[in-house]
Amino acid sequence: MTAYTAPAGPGAAGALTLTGGHLVTPRGPVDGWVHISDGIVIEIGTGSPPDTPATDVGGHWIVPGFVDIHCHGGGGGSFTSPDPHQVRAAVATHRAHGTTTMLASLVTASVPDLVSQIGALREQVSDGLLAGIHLEGPFLSAARCGAHDPSLLRPPDRRAIDRILTAGRGTVRMMTLAPELDGAIPAVGHLTDHGVLAAVGHTDAVLEQVIPAVEAGATVATHLFNGMPPLHHRAPGPVGALLADERVTIELICDLVHLHPTAARLAAQQAGAGRTVAITDAISATAAGDGTYELGPLAVTVTEGAPRLADGSLAGSTLTMDAALRNLVTGCGLPITEAVLACSTTPAALLGLSGSVGALQPGLAADLVVLDADLRPRRIMKDGSWVPGTGG
């Protein structure tokens, strides 16, 4: 038998071994078993499993739980709502599709409204339901506002940012801004000084305006290609600047609507597995059916799963992370090992959580997804317990 083991030993209460799986681990694919105790992965190996209660997964894939750093809601629930039931509905919806760690993304609003929304989400972060908060706006370009109310957009300033960070009490993990706006470069430095990820997005900048933001500490490209000028051979713009810089992690909305599979594949290949993150950018309509919804103050109509504003612009997505992984593999042609890195390991590392989640590895949380041959989830585990309705 070969195995690698966490410092803790097996045999504690709640011990369980999953056998007969194709495991995607940091060391590569392993046909074998994973032993779990007290919500932690204790041991992974091949050969004879430990003598504990066992569940045979029947040759299915076992991958780490997905980590979504850009999500606005789901299941009819929105993260902008003060109603905690809506927040829990959104989290439950995405958890049923394998997302075990997520940020709550807020859309553009007035600073007082954002402060109120952050206050409503703080408890959910403290309780561990959410890993933090991402602000997508209001410091965005009106020319590339997408599904953000242009009347609420504004340049960043220290006072507004400090009000937001003070309201967050350490829960604000990422903020998207347009680097060409007045005050944007100092704002990037201020955010990074406070341990907040600065992301470049919803921008009409040229390449020469993006580079100073990266030099100041911006490390994320918010949904690359979307909400910014297209890559042009004589004007590479934000896409060229962000994709070429190895300090920047790129988000990709892999619903194959926001991005053609070829564009997603080329970006992922250029950035590499350590810089590519799959996101959903999902809104409340996710898993809730076609119809009319709201994204912030804007009305959104969902037809055949595609959310759009009245002018036809895409307004987020109805994507789930399991579908993102399938699209990366079957639509974009990435190996499953690279797709798992994009959906789990790399976003966990970006958030500074690689010591607790994001990989099938001894010592990390037993957050995992059992996928069938078509890469559809059959069972989902969070902290060593099966998510209701997905296994047991």
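The values are calculated or read from the model by the stated rules, or taken from the named source; none is laboratory data. Keep in mind that this is a model prediction, so the values were computed, not measured. Neighbour counts are summed over all protein chains in view; Cβ atoms, including those assigned to glycine, are modelled from backbone coordinates with ideal geometry.
Values for this structure:
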| read-out | value |
| --- | --- |
| Residue within region 320-332 that is under 12 Å from the mean Cα position of the chain (by Cα), at negative phi and acidic (Asp, Glu) present | yes |
| Asp127 vs. criteria among the charged types (D, E, K, R), assigned by TED's automatic domain parsing to the domain that holds Ala285, over 18 Å from the mean Cα position of the chain (by Cα) and on the phi < 0 side of the Ramachandran plot | yes |
| Residue among Thr80, Thr93 that is over 14 Å from the mean Cα position of the chain (by Cα) and surrounded by fewer than 24 Cβ atoms within 10 Å (Cβ to Cβ) | Thr93 |
| Odd one out for Leu140, checked against (1) more than 21 Å from the chain's Cα centre (by Cα); (2) outside any helix (DSSP H, G or I); (3) not basic (Lys, Arg) | (1) |
| Residue in region 184-206 that is buried (at least 18 other Cβ atoms within 10 Å of the Cβ), assigned to a helix (DSSP H, G or I) and in contact with a His (Cβ under 7 Å, 6 or more places away or on another chain) present | no |
| Region 169-180, residues that are more than 16 Å from Thr222 (Cα to Cα) and out of contact with any helix residue (DSSP H, G or I) (no Cβ under 8 Å at 6 or more places or on another chain) | Gly170 |
| Among the residues listed as Asp83, Asp56, the single one being within 16 Å of Leu368 (Cα to Cα) and of a type outside the set (Gly, Ala, Ser) | Asp56 |
| Selection from region 333-348 of residues that are of a type in the set (S, T, N, Q) and within 12 Å of the chain's Cα centre (by Cα) | Ser344, Thr345, Thr346 |
| Which listed residue is touching a Pro at 6+ places or on another chain (Cβ under 6 Å) and buried (at least 19 other Cβ atoms within 10 Å of the Cβ), from Val302, Val277 | Val277 |
| Residue that is surrounded by the fewest Cβ atoms within 10 Å (Cβ to Cβ), among those in region 354-375 that are over 16 Å from Asp68 (Cβ atoms), in contact (Cβ under 8 Å) with a residue 60 or more places away in the chain and not small (Gly, Ala, Ser) | Asp372 |
| Region 70-128: number of residues that are in a loop (DSSP other than H, G, I, E, B), β-branched (Val, Ile, Thr) and farther than 18 Å from Leu319 by Cα | 2 |
| Some residue of region 97-109 being surrounded by fewer than 24 Cβ atoms within 10 Å (Cβ to Cβ) and not charged (D, E, K, R) | yes |
| Residue that is farthest from Leu242 (Cα to Cα), among those in region 290-312 that are more than 22 Å from the chain's Cα centre (by Cα) and part of a loop (DSSP other than H, G, I, E, B) | Asp290 |
| Residue within region 109-129 that is basic (Lys, Arg) and touching a residue at least 60 places away in the same chain (Cβ under 8 Å) present | no |
| Check on Ala282, on the phi > 0 side of the Ramachandran plot, in contact with a Ser or Thr (Cβ under 6 Å, 6 or more places away or on another chain), touching a residue at least 12 places away in the same chain (Cβ under 8 Å) and outside the structural domain of Gly28 (by TED's automatic domain parsing) | no |
| Members of region 313-340 that are assigned to a strand (DSSP E or B) and either free of Cβ contacts under 8 Å to residues at least 40 places away in the same chain or more than 18 Å from Gly74 (Cα to Cα) (or both) | none |
| Residue count for region 42-69, restricted to those that are outside any strand (DSSP E or B), of a type in the set (A, V, I, L, M, F, W, C) and within 30 Å of Met174 (Cα to Cα) | 1 |
| Leu181 without any contact (Cβ under 8 Å) to a residue 60 or more places away in the chain, part of a loop (DSSP other than H, G, I, E, B) and under 25 Å from Gln270 (Cα atoms) | no |
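Yes/no per residue for (1) out of contact with any His (no Cβ under 9 Å at 6 or more places or on another chain); (2) modelled with pLDDT of 95 or more; (3) over 19 Å from Ser105 (Cβ atoms):
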residue: Gly217; (1), (2), (3): yes, yes, yes
residue: Ala221; (1), (2), (3): yes, yes, no
residue: Asn226; (1), (2), (3): no, yes, no
residue: Gly237; (1), (2), (3): yes, yes, yes
residue: Gly240; (1), (2), (3): no, yes, yes
residue: Asp245; (1), (2), (3): yes, yes, yes
residue: Asp255; (1), (2), (3): yes, yes, no
residue: Ala263; (1), (2), (3): yes, yes, yes
residue: Leu266; (1), (2), (3): yes, yes, yes
